[in-house]
Amino acid sequence: MKDPRSLSFTTRAIHVGSEADPATGAIEPALYMANSFLLPYDASQMNWSASEGNIYTRNGGVNQKMLEQKIANLEGGEDCVALASGVAALSALFFTKLKKGDHVIFSTVTYIATYRIFHELWTEKWGIETTITDCTDIEEIRKAIRPNTKLIHFETPGNPTLCICDIAAIVKLAHAHGILVSVDNTFSSPYNTRPLEYGVDFVVESLTKYINGHGDSMGGAVIGSHEDLEQIRYQAQVNIGGVISPFNAWLIQRGCSTFPLRMQVHNDNALAVAEWLERQPCVSFVAYPGLKSHKGHELAKKQMEHGFGGVLSFGLKGEHDLYNRVVTHLEIFTSAVSLGNAASLIVFIGEDDERMYLYPEEFHNGFYRVAIGIEDKNDLIRDLRQAFTAEGLETAD
């Protein structure tokens, strides 16, 4: 494809990186399961850690490279590295860009692996200093900056409280101090938000979630400048080895074709369910940026182009085990972690969660994190209603 820039997001999701196979004429990408490739006549001068060309799948597989082309295009980035999982992508970025003595500011609301990387592992093993900061408050970030601050990392919306951070404001502050900015965009996806357009240095996506969309493969991606991504390829992909498998790359490439269509349904369904939950007398709170009552709603409207994502959290007015009993009555929702699947998922996070002290007060008695799927939204609402009713909870239309 000569110049896909004039095409819509949906068209690019289908066509970029998915050209016909010149060897066979197949119009869909082939699956290349080889772990090694034919070398040239004289291979003695080759760089065995190079990622250009085809040498060894850890250096970069054929399906991986096709997927990277597509993801970079959808995010609006120069380049992309696709790895084995979202956490592998986070680790690759942090491993490559940070060293002993650096300081990192990261959000109070992040994925659990990010919290453990910065709160425990990186500090204990490699002497990297970290500060947990409310990244929805630009003044709190300003106060946390030190002379050795190298990186500010946050999510928006944040997992699991759905807080919204001001991407442009954080970038402006960070770059004024020579600090890099990375954003985990998994909860929003590039369909709703493209943080690179706001000037961030790196975007991380868990490809396992919305972009794959079928709950059957794992992958992660870092997107940014070509120069930075070449460093990540060399240091983290080739020499640490968290490479994505060809089959998973192929599955995620397949999922990309329907990603925009699915994502709009996730958006629409989640808003409908959140609005219904907010009207229920038995519900103590609902956290979803699409609600007008959400603290970050106005900012989310500016940053999220097509909708507010498919994840929400809510609490019940009741004791601990009520949450467990309600789940047993659900017929459509599945009790499982993850998000972005076609099916809706729900997980109860109890009041003793290790990061509960970082969350707003309304979360402290426990809550559900719900990943809304692409089923009929009326069926989802009916399922929640019947589960509430089965436990004697009051509901309203």
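The values are calculated or read from the model by the stated rules, or taken from the named source; none is laboratory data. As the structure is a computational prediction, the values presented were derived from the model and not from experiment. Virtual Cβ from ideal backbone geometry, glycine too; neighbours counted across all protein chains shown.
Just name the residue that is farthest from Asp79 (Cα to Cα) out of those in the range 237-251 that are touching a strand residue (DSSP E or B) at 6+ places or on another chain (Cβ under 8 Å) and assigned to a helix (DSSP H, G or I). Taking the candidates together, the pick is Ala249.
Does Gly101 satisfy the criteria of being within 30 Å of Ile128 (Cβ to Cβ), within 22 Å of the chain's Cα centre (by Cα), in a loop (DSSP other than H, G, I, E, B) and modelled with pLDDT of 90 or more? Against the criterion (within 30 Å of Ile128 (Cβ to Cβ), within 22 Å of the chain's Cα centre (by Cα), in a loop (DSSP other than H, G, I, E, B) and modelled with pLDDT of 90 or more), Gly101 does not qualify.
Within the bounds of the range 362-375, is there any residue that is surrounded by fewer than 18 Cβ atoms within 10 Å (Cβ to Cβ) and either assigned to a helix (DSSP H, G or I) or at pLDDT below 95 (or both)? Yes, there is a match, as at least one residue in the range 362-375 is surrounded by fewer than 18 Cβ atoms within 10 Å (Cβ to Cβ) and either assigned to a helix (DSSP H, G or I) or at pLDDT below 95 (or both).
Count of the range 221-253 residues, restricted to those that are touching a residue at least 40 places away in the same chain (Cβ under 8 Å) and farther than 22 Å from Ala50 by Cβ, is 5.
In the set Leu271, Leu277, only one residue is touching a strand residue (DSSP E or B) at 6+ places or on another chain (Cβ under 6 Å) and either buried (at least 23 other Cβ atoms within 10 Å of the Cβ) or assigned by TED's automatic domain parsing to the domain that holds Ser293 (or both); that residue is Leu277.
This table checks each residue for (1) aliphatic (A, V, I, L, M); (2) in a helix (DSSP H, G or I); (3) not assigned by TED's automatic domain parsing to the domain that holds Asn148.
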residue: Arg12; (1), (2), (3): no, yes, no
residue: Thr24; (1), (2), (3): no, no, no
residue: Ser44; (1), (2), (3): no, no, no
residue: Ser49; (1), (2), (3): no, no, no
residue: Glu52; (1), (2), (3): no, no, no
residue: Phe95; (1), (2), (3): no, yes, no
residue: Val109; (1), (2), (3): yes, no, no
residue: Thr114; (1), (2), (3): no, yes, no
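Just checking, does the range 344-365 include any residue being farther than 19 Å from Ala113 by Cα, of a type in the set (A, V, I, L, M) and in contact (Cβ under 8 Å) with a residue 40 or more places away in the chain? So far as the range 344-365 goes, no, none of its residues is farther than 19 Å from Ala113 by Cα, of a type in the set (A, V, I, L, M) and in contact (Cβ under 8 Å) with a residue 40 or more places away in the chain.
Out of the residues in the range 217-254 meeting the condition of being of a type in the set (Val, Ile, Thr) and surrounded by 21 or more Cβ atoms within 10 Å (Cβ to Cβ), tell me which one is farthest from Ile14 (Cα to Cα). Here the residue is Ile232.
The set of residues in the range 1-45 being of a type in the set (Ser, Thr, Tyr) and surrounded by 14 or more Cβ atoms within 10 Å (Cβ to Cβ) consists of Thr10, Ser18, Tyr32.
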